[in-house]
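Here's the structure, in structure tokens; my notes come after.
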Amino acid sequence: MNKTLRRAVIAGNWKMNKTPAEAKALVEAIRPLVKDAGCTVLVCTPFVDLAAALQAAEGSNIEVGAQNCHFEASGAFTGEISAPMLTSMGIRTVILGHSERRQYFGETDQTVNLRLKAALAAGMQVILCVGEKLEEREEGITGEIVSMQVKIALQGVSKEEMARVIIAYEPVWAIGTGKTATSAQANEVCHEIREVVAGLYDRATADGLTIQYGGSMNAKNAAELLAQPDVDGGLIGGASLKAEDFAVIVKAATEG
Ligand code: 13P
């Protein structure tokens, strides 16, 4: 993590977990544990928990984000939520392109690009998720896959808007499996992503970009992953549902 050049961001992706009452309790439990954090602390909750989480986080250093948004502002899109709906309730950040959205809900690089542009146009900050599947890593095409995902997702995004983009490198084979990428593997791909962004924009944009690692990051392995020069934070699933574990990761980012 290079804190002189960029912001360290530890984000919890709660996925489809917690009722509003449970969300309130979890934010309240996290609050005192992260109050001295030297990094951005974010919890991305299910849509129905956003209001409760925002209320529980009020006056603290915990930010609250969403896990997806649609590319239209309104209309006949049953079950979807738009970026202006999120901003209207005070939500500033949204995760887009998570591999579970790609795998189970038919998201493509193109729809991720549309959603990303819509979120940026609404003034939001985006955590763009990219990552290779196990067979792609075994075929030796991790770099190509991740580069393509980044390039398509960022089509039409200006250099100025890049200040509101965070990229999360999440190897699909490491998500929820307990199989973490080694710190060297994580750093290698995060570095590659930075070079792609340097090619698309310029060196300063690439150097200022926060790139997170995600995939079975936990209280035990976080410090080593976050010590890598190109790993600027974490997007954490399972371990973000336990206040103490999440706080240990925030501490590792603070000290790293
Ligand atoms: P786990 O930390 O549960 O592997 O999930 C990672 C993830 O998908 C975060 O977005």
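The values are calculated or read from the model by the stated rules, or taken from the named source; none is laboratory data. Bear in mind the structure is a predicted one, so any value in this text is a computation, not a measurement. These accessible areas exclude ligands, DNA and RNA; they are computed on the full protein's heavy atoms, side chains included. Shrake-Rupley method; radii C 1.70, N 1.55, O 1.52, S 1.80 Å.
Straight-line reach from residue 151: which lysines have Cα under 18 Å away, leaving out those fewer than 8 places along the same chain?
Partners within reach: 117, 133, 159.
Find the centroid of the Cα atoms in region 66-87 and in region 25-60, then give the distance between the two in whole Å.
Cα centroid of region 66-87 versus Cα centroid of region 25-60: 22 Å apart.
What does the accessible area of residue 203 come to, in Å² to the nearest 10, when a probe of 1.4 Å is used?
Looks like 110 Å² after rounding.
Treating cross-link reach as a plain straight distance, find the lysines whose alpha-carbon is under 29 Å from the alpha-carbon of residue 35, omitting any fewer than eight places away in the same chain.
3, 15, 18, 24, 220, 242, 251
Under 5 Å between amide hydrogens, which residues at least 5 positions from residue 65 or on another chain qualify, with H placed 1.01 Å from N in the peptide plane?
Those qualifying (amide H under 5 Å, at least 5 residues apart or on another chain) are 43, 44, 45.
Rounded to the nearest 500 deg cm²/dmol, what is the calculated helix-only ellipticity per residue at 222 nm for the chain, with -39500 (n - 2.57) per DSSP H run of length n ≥ 4?
-12000 deg cm²/dmol
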